[in-house]
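A quick write-up on the structure given underneath.
The values are calculated or read from the model by the stated rules, or taken from the named source; none is laboratory data. Quick caveat: nothing in here was measured; it's all calculated off a predicted structure. Positions of Cβ are generated from backbone atoms using ideal geometry, with glycine treated the same way; all protein chains shown enter the neighbour counts. In case anyone asks, the SASA skips ligands and DNA or RNA and just uses the protein heavy atoms, side chains included. Shrake-Rupley method; radii C 1.70, N 1.55, O 1.52, S 1.80 Å.
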Amino acid sequence: MEIPAAIRFDRLGQVFETGSGRVEALRNVSFEVARHEFLAVLGPSGCGKSTLLRMIAGLLEPTSGAVEVFGRRVTGPREDIGIVFQKPTLLPWATIEDNVVFPVRHKRGRVGSHDRDRAQELLRMVGLEGFGKRLPDELSGGMQQRVGIARALHMDPDILLMDEPFSALDALTREEMGFDLLRIFGERPKTVVFITHSVSEAALLADRVLVMTGRPGSVLTELPVPVARPRGRETIKDPAVTELAAHLRDLLLQRDAA
Amino acid sequence: MSLSMPDFSQPESTKGKRPDLRRILAAPGVAAILTILGTVALWELAARTLNIPSYLLPAPSSIFSTFPSIGAERWAGHVWATLRVALLGFGLAIAIAIPLAIALVRSPALNRTLYPLLVIVQSTPVVAIAPIIIVVLGAGDAPRIVITTLICFFPMVVSTATGLAATPPELIELSRSLRAPGFREITQIRLPFAVPYIFSALKISVTLAVIGAVVAEFCASDAGVGYFIQFSTSMFKLPQAWAGLFVLAAMSLALFQAVSWAQKLLFPWSLPRKR
Ligand SMILES: Nc1ncnc2c1ncn2[C@@H]1O[C@H](COP(=O)(O)OP(=O)(O)OP(=O)(O)O)[C@@H](O)[C@H]1O
Ligand SMILES: [Mg+2]
């Protein structure tokens, strides 16, 4: 039997009916993401990248075509998917540890000691050991985003959706977060769909980069990242990575000019 | 050393003292107390030198002298009568407003149908309905509590609903993606996020509750600070009426402060943080 792709988009279209008329956000989008593959998605603003993620998560139904996750058509929200948002959006009244276990408390109404143990383990993994009892606004933006990642991983989802998770961070912190992701997913592979506006981030992190056209968004091209894993700090200077980044930049600039 | 630099010794020495005075003036409440004392002093001075008749504007000294002549027991009776109605009306308003706000946010249909009705109720002057309510509900605290509730529940509904709707959409999506039961979206996400909104409404409403209780006493009552003011005016005891007014202002202030403290005590994270 053939192993189904983790995520499969089949001629998917999305049209929003708004008060001021129809907005065609996505048209005829087809692509697959293999299990444990890291896919980066690049594309001009407003081309429907966030909309794609919301459809994988089952938060939004496509107007045409279909999304499949592990061979099953997505019909509603599913729990084996974690989401990391652009802003950390933590609960300001809850400690860091409580924020990480929040999905469990929210879903089941209570948390057990093993949930807390897991939160501690995840905090260690994202480099925040010892911060469990702090409140979110005692942490920097980068640290808060790490908490957001730990929260998304707490239920151990098969698929992680990340929507421009580092775009609110300064350049250096952003690079550090990239290296951390390489380490985290190196230890525990996940299927990741990672939206970004940074071509170098895409080239550093991904197995494959999907470039989208402007609205209505569709797939312009898919490019593999020809760099072996494990990757690390040196990878950013790898000629293959810099070349790919330059090529991606050209692609995006051409689209903007057209 | 200072002798060798006479030009600088003067400002140096005053610099040492000035910050102390400034710090005292900048301490919380000091400026407000000084302003109040200053106003009362000016008022006393004006009342004496300009010979303003006491039925127009009694001097503060004649107002304060009525306090002991009424006696602590009578004051306590009136204050308790007003406070009881204000607090019960305020509590009832909270008990209605917060569930109502949740219902409005949960159900767009309810929002479309009920909200216009609430606006109509709010735009009807409660002072005008008060006598009707008293006729309908008869004597006792009940009509007064209803009047108070009517006056103070609307800001709570609007503010709470605004707060419930102002929750970060990401957390609502997180809640949906977890397929968590809907009530937990309210209790664990929306309500806590609405706490600052709820408390700013509570601060307004608690002073409105005092107004509501007084309005009710004006219509029909035999006790309460509002009744006391009305009664004193009808007997041309103007300083006494003014004393009642001071008591009302003090009550409103105290209730306002109590709500602020409750927020600080129960939800410290909901206050804007000083950095
Ligand atoms: N719920 C909605 N109702 C109406 N229009 C919507 C809705 N959600 C998205 N859109 C529209 O669909 C288009 C794609 O939106 P989307 O947020 O997916 O873009 P994006 O690629 O994520 O953009 P950005 O890079 O700026 O985040 C936009 O034009 C947006 O206005
Ligand atoms: Mg987006």
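Overview of values
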item	result
Convex hull of Cα atoms in segment A:73-128, direction-averaged projection (nm²)	5.2
Linear extension gain, residue B:20 paired with residue B:218, 0.36 nm per residue minus alpha-carbon span	66.4 nm
Of all accessible heavy-atom area on segment B:72-270, the percent that carbon and sulfur account for (1.4 Å)	74
Nearest-0.05 FRET efficiency for residue A:20 and residue B:127, computed from C-beta distance (R0 51 Å)	0.70
Mean separation of Cα contacts under 8 Å, 6 or more apart, over the residue count of chain A: relative contact order %	25
Ratio of Rg to Rh over segment B:27-129 (Cα coordinates, Kirkwood Rh, two decimals)	1.21
Rh (Kirkwood; distinct C-alpha pairs) - segment B:77-179, Å	15.5
Distant-in-sequence amide H partners of residue A:82 (H built 1.01 Å from N, under 5 Å)	A:159, A:160, A:161
Sequence-separation-based contact order of segment B:72-270, relative, with Cα cut under 8 Å and 6+ spacing, percent	28
Hydrodynamic radius by Kirkwood, which averages 1/r over all alpha carbon pairs of segment B:72-270, in angstrom	18.3
Helical contribution to [θ] at 222 nm, DSSP H n ≥ 4, -39,500 (n - 2.57), averaged over chain A, rounded to 500	-11000 deg cm²/dmol
Relative contact order of segment A:111-258, defined on C-alpha pairs under 8 angstrom at six or more residues apart (%)	17
Cα centroid separation - segment A:54-87 against segment A:104-165, whole Å	22
Residue with peak Gaussian network fluctuation, chain B [Cα springs, cutoff 10 Å], from B:211, B:94, B:70	B:70
³J(HN,Hα), Karplus 6.51/-1.76/1.60, whole Hz, each residue of segment B:160-166, x for Gly, Pro	4, 4, 4, x, 5, 7, 8
Segment B:227-275: C-alpha pair distances exceeding 12 Å, %	69
Nitroxide proxy distance, nm - points 7 Å out along Cα→Cβ at residue B:139 and residue A:176	7.5
In order through segment B:95-102: 3J(HN,Hα) via Karplus (6.51 cos²θ - 1.76 cosθ + 1.60), integer Hz, x for Gly, Pro	5, 8, 5, 6, x, 5, 4, 4
Over chain B: helical MRE at 222 nm, DSSP H runs n ≥ 4 each giving -39500 (n - 2.57), nearest 500	-27000 deg cm²/dmol
Debye equation applied to the C-alpha atoms of the protein assembly as shown, log10 I(q)/I(0) at 0.11, 0.13 Å⁻¹	-1.01, -1.23
Cα centroid of segment B:189-246 to Cα centroid of segment B:146-167, whole Å	18
Alpha carbon convex hull of chain A, projected area averaged over orientations, nm²	15.4
Top positive-direction residue, dipole computed over segment A:93-189 with Cβ charges, set A:111, A:178, A:95	A:111
Heavy-atom accessible area per residue - chain B, 1.4 Å, Å²	57
